[in-house]
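Heads up, the thing below is written out as structure tokens.
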Amino acid sequence: MKVSVLTGAGISAESGLLTFRGEGESLWAKFNPMELATPAAFKAQPEKVHEFYNLRRRLLHEVKANAAHFALVRLAEKLARKGGELNIITQNVDDLHERAGSSHVLHIHGELMQVKCVACDLVAVWTADLGVKDRCPACGEVGRLRPNVVWFGEMPYGMDEASDAVTRSDLFVAIGTSGTVYPAAGLVELAANHGVRTYELNLAPSENYCVFDEARYGLATEIVPAWVDALSD
Ligand code: OAD
């Protein structure tokens with residue numbers, strides 16, 4: 001069996017990372033995304049944008065993968081034993097899937113632990129704070145490095161690869177995502193249009209819950225391991 005999973009901020013919530021939306025404390029309730037997550041915001045106030053991502057990068061060093069991330073590692077092993085495969089497509093810029101042990105994770109919204117040089121297009125691992133005085137290790141330009149995350153108004157990475165994986169699947173599962181940000185939110189419709197079974201695992205019904213064939217609601221650390229365990233060997 002081939003399974004594609006789309007993960008969102010909800011899978012990392014119990015690790016201690018805030019989601020963007022939803023009940024209680026959330027990033028876009030506290031901060032204005034138009035001032036922090038657009039190319040225009042970075043041009044206007046690069047220090048402020050760097051500070052926002054520096055805070056999030058520092059926090060990422062302190063948190064750990066949770067039972068939901070680990071369950072997806074077990075799922076990949078379980079599927080592989082029978083000649084199947086798991087494709088993880090994530091909107092998350094954290095690296096908790098990789099830290100749990102998942103490989104080949106498609107980060108369609110980029111990665112917080114990477115920088116991109118707007119002068120020479122270098123993409124490199126960057127785990128420390130980033131600022132306007134930093135120099136690109138490849139071209140030497142100063143002040144041209146930005147977090148390698150996809151901002152509003154920018155094209156996500158790897159959508160062709162993600163779409164191919166989804167349409168080749170037997171099952172598409174969305175985990176911990178509100179289904180509000182496109183094109184990622186459109187993957188469930190793509191799956192449904194190709195006859196792929198669809199399943200939502202989330203704390204509460206997403207914006208596009210009605211497109212899914214089935215759903216289970218609860219904490220990711222409980223419902224994701226339970227779903228993986230229930231899948232027949
Ligand atoms: P959101 O913050 O929009 O949605 C998080 C979802 O996770 C909500 O539907 C919650 O109900 C659910 N949730 C919260 N805690 C949970 C838990 N413990 N277990 C299971 N589910 C839980 O996050 P995304 O859908 O990932 O983009 O957001 C999509 C994009 O919007 C992000 O990648 C980011 C943001 O703006 C960019 O920055 C470009």
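The values are calculated or read from the model by the stated rules, or taken from the named source; none is laboratory data. All figures in this text were calculated on a predicted structure; none of them were measured in a lab. Glycine gets a Cβ as well: all are built from the backbone with ideal geometry, and neighbour counts include every protein chain shown. Note: accessible area is taken over every heavy atom of the protein model, side chains too, but ligands, DNA and RNA are not part of it. Shrake-Rupley method; radii C 1.70, N 1.55, O 1.52, S 1.80 Å.
Summary table
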{"read-out": "Candidate set: the range 51-81, residues that are touching an Asp or Glu at 6+ places or on another chain (Cβ under 8 Å) and of a type in the set (D, E, K, R); chosen: the one nearest to the ligand (Cβ to nearest atom)", "value": "R57"}
{"read-out": "Some residue of the range 93-105 being in contact (Cβ under 8 Å) with a residue 24 or more places away in the chain, small (G, A, S) and assigned to a helix (DSSP H, G or I)", "value": "yes"}
{"read-out": "Tally, over the range 121-158, of residues that are under 27 Å from G10 (Cβ atoms), in contact with a Leu (Cβ under 9 Å, 6 or more places away or on another chain) and of a type in the set (A, V, I, L, M, F, W, C)", "value": "4"}
{"read-out": "Top-ranked residue in the range 14-39 [being touching a residue at least 40 places away in the same chain (Cβ under 8 Å), open to solvent by less than 70 Å² (accessible area, probe 1.4 Å) and aliphatic (A, V, I, L, M); ranked as nearest to G218 (Cα to Cα)]", "value": "L17"}
{"read-out": "Selected residue (only one of V166, V181, V173, V132 is part of a strand (DSSP E or B), of a type in the set (A, V, I, L, M) and touching a residue at least 60 places away in the same chain (Cβ under 8 Å))", "value": "V173"}
{"read-out": "Residue within the range 204-213 that is away from the ligand (no atom under 14 Å from the Cβ), out of contact with any strand residue (DSSP E or B) (no Cβ under 9 Å at 6 or more places or on another chain) and closer than 18 Å to S169 by Cα present", "value": "no"}
{"read-out": "Residues satisfying the stated conditions in the range 133-166, i.e. over 30 Å from H194 (Cα atoms) and either within 11 Å of the ligand (Cβ to nearest atom) or open to solvent by 70 Å² or more (accessible area, probe 1.4 Å) (or both)", "value": "K133, R135, P137, E141, V142, R144, P147"}
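A quick yes/no check of all residues on (1) touching a helix residue (DSSP H, G or I) at 6+ places or on another chain (Cβ under 9 Å); (2) within 16 Å of the ligand (Cβ to nearest atom); (3) open to solvent by less than 10 Å² (accessible area, probe 1.4 Å):
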residue	(1), (2), (3)
Y182	no, yes, no
T221	yes, yes, no
V224	yes, yes, yes
L231	yes, no, no
